[in-house]
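Written below as structure tokens is the structure these notes are about.
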Amino acid sequence: MLEKLGKKFKIKGEFVNGGPYGSGHINDTYIATYKHNGKSIKYIHQRINGHVFKEPQKVMENVVRVTKHLLIKLQGNGVNDIERSCLQIIPSLNGVPYFVDEEGKYWRTCSFIENAHTCDIVETADQAFAAGAAFAQFQRLLVDLPGGRLHEIIPDFHNTVKRYRDFENAVEVDRSKRASLCQEEIAFVRYRDPIVSILTDLMAKGDLPERITHNDTKLNNVMLDDKTNEGLCIIDLDTVMPGTVLYDFGDLVRTSTCPAAEDEKDLSKVYLHVSLFKALAEGYISKAREFLTDVERKYLVFSGRLITFEQGIRFLTDYLKGNNYYKTKYEEHNLDRCRNQFKLVGSIEEKESELNKIIEDIFHN
Ligand code: ADP
Ligand code: GN1
Ligand code: MG
């Protein structure tokens, strides 16, 4: 299958082997190795999830605009490892950045970034720092993207009010007859109803600027250099679109400060680790200091709490609706993920004033 697929893209050389790759929840990712002029060259092929991304052409339009701009900026900044610092999209034989198969599914291909890795679970403060710095740099480089507004790939993607409404709707419909099994989690959500509109209200009032944001800043969406462990390249650009930088910082807090997997069932392992948070914030602010407004600064810690809460709501909603959105390995997987996220929300809430103090100290140093 991969060999046949590879022939649809401008790939040089002979197919050697390939297979499934990565641990994402949405798209299907494959790695393929080719031999060209005696050298081994790898590529990533991805089948875009058509259920989640209704207009894959628009996804790829955004990705191409963003990667082209990043490339120019990196060149201008004198970065020497440009090929490994920005995703390189390989066009299809027709010259477009995707190929549509006989089932109507969209595929894309990019160069494989060598000598780099992603982490599913944060292990060291250096990793948290690197992720924070890399995503802030990504936001910074996109501040002057020319052309019109990017496509809003998934409208209301981080609109927590809308996510809350979807959740209430799923409870009411109770399609899979599961609401009775998660009364505690439902109560957890409802108790926090007052916080859901805080960021959307600030955006609506114009107090939070709209910027180009990544919107899926999971730790495993940044490639770290094998040698230096520094952030090298931001990947998974499907949801790059207009948003607030707080969505990105919030998702970094969610995934880079807790030393356990997102689906860890032993909740004693799930908590916000303060020194990881400090490293993440230092990394992020080291590159974002110059463009963050006072309001953005003020809500950094809150964004971690809100985006983690929103993610828990999303997992719970998917569980209630019968697991149609995220890939799952077993029936209760989304419920376990939700419980995990809610445990982390509680931990962030407990430490909120300490974390705000850390942020203030970083800005004053
Ligand atoms: P998903 O949307 O499913 O999360 P990603 O684009 O994040 O898909 O890819 C899944 C994983 O594949 C990543 O976490 C990373 O480890 C690996 N990966 C993706 N793109 C590349 C690349 N260009 N070079 C090397 N590894 C990659
Ligand atoms: C999905 O594709 P992946 O695994 O990087 C999801 C994110 C969630 C994340 C939770 C398009 O990201 O929004 O935060 O799972 N992506 C989409 O792990 O919904
Ligand atoms: Mg990913």
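The values are calculated or read from the model by the stated rules, or taken from the named source; none is laboratory data. Keep in mind that what you see is a predicted model, and the values were worked out from it rather than measured. Positions of Cβ are backbone-derived with ideal geometry, glycine not excepted, and every protein chain shown enters the neighbour counts. We work out accessible area using only protein heavy atoms, side chains counted, and drop any ligands, DNA or RNA first. Shrake-Rupley method; radii C 1.70, N 1.55, O 1.52, S 1.80 Å.
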| Any residue at all in the stretch 122-143 that is aliphatic (A, V, I, L, M) and free of Cβ contacts under 8 Å to residues at least 60 places away in the same chain? | no
| Positions within the stretch 201-260 being more than 16 Å from ligand 1 (Cβ to nearest atom), of a type in the set (A, V, I, L, M) and touching a helix residue (DSSP H, G or I) at 6+ places or on another chain (Cβ under 8 Å), in sequence order | Leu202, Leu208, Ile212, Val245, Leu246, Val253, Ala260
| message | If Ile348 meets every condition in (1) assigned to a loop (DSSP other than H, G, I, E, B); (2) open to solvent by less than 10 Å² (accessible area, probe 1.4 Å) apart from one, which number is that one? | response | (1)
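Listed here are the residues, each with its yes/no results for (1) out of contact with any helix residue (DSSP H, G or I) (no Cβ under 7 Å at 6 or more places or on another chain); (2) modelled with pLDDT under 95; (3) within 16 Å of Thr255 (Cβ to Cβ).
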{"position": "Val295", "(1), (2), (3)": "no, no, no"}
{"position": "Arg305", "(1), (2), (3)": "no, no, yes"}
{"position": "Thr317", "(1), (2), (3)": "no, no, no"}
{"position": "Tyr330", "(1), (2), (3)": "yes, no, no"}
{"position": "Arg337", "(1), (2), (3)": "no, no, yes"}
| Has the stretch 250-260 got any residue that is surrounded by fewer than 19 Cβ atoms within 10 Å (Cβ to Cβ) and not aromatic (Phe, Trp, Tyr)? | yes
| task | Quick one: Tyr30 ticks every box in (1) buried (at least 18 other Cβ atoms within 10 Å of the Cβ); (2) within 21 Å of the chain's Cα centre (by Cα); (3) within 29 Å of Gly148 (Cα to Cα) except a single one, so which number is it? | result | (3)
| task | Report yes if some residue within the stretch 274-286 is away from ligand 1 (no atom under 16 Å from the Cβ) and closer than 30 Å to Asp166 by Cα; otherwise report no. | result | no
| message | If a residue must be surrounded by 20 or more Cβ atoms within 10 Å (Cβ to Cβ) and in a helix (DSSP H, G or I), how many such residues does the stretch 288-301 contain? | response | 4
| Condition test on Arg149, is it basic (Lys, Arg) and in contact with a His (Cβ under 9 Å, 6 or more places away or on another chain)? | no
| field | All positions within the stretch 26-59 that are among the polar types (S, T, N, Q) and either part of a strand (DSSP E or B) or within 13 Å of ligand 1 (Cβ to nearest atom) (or both) | value | Asn27, Thr29, Thr33, Ser40, Gln46, Asn49
| said: Need the failing condition index for Tyr21 against (1) closer than 22 Å to Glu83 by Cα; (2) without any contact (Cβ under 8 Å) to a residue 24 or more places away in the chain; (3) within 16 Å of ligand 3 (Cβ to nearest atom); (4) open to solvent by less than 80 Å² (accessible area, probe 1.4 Å), just the number. | reply: (4)
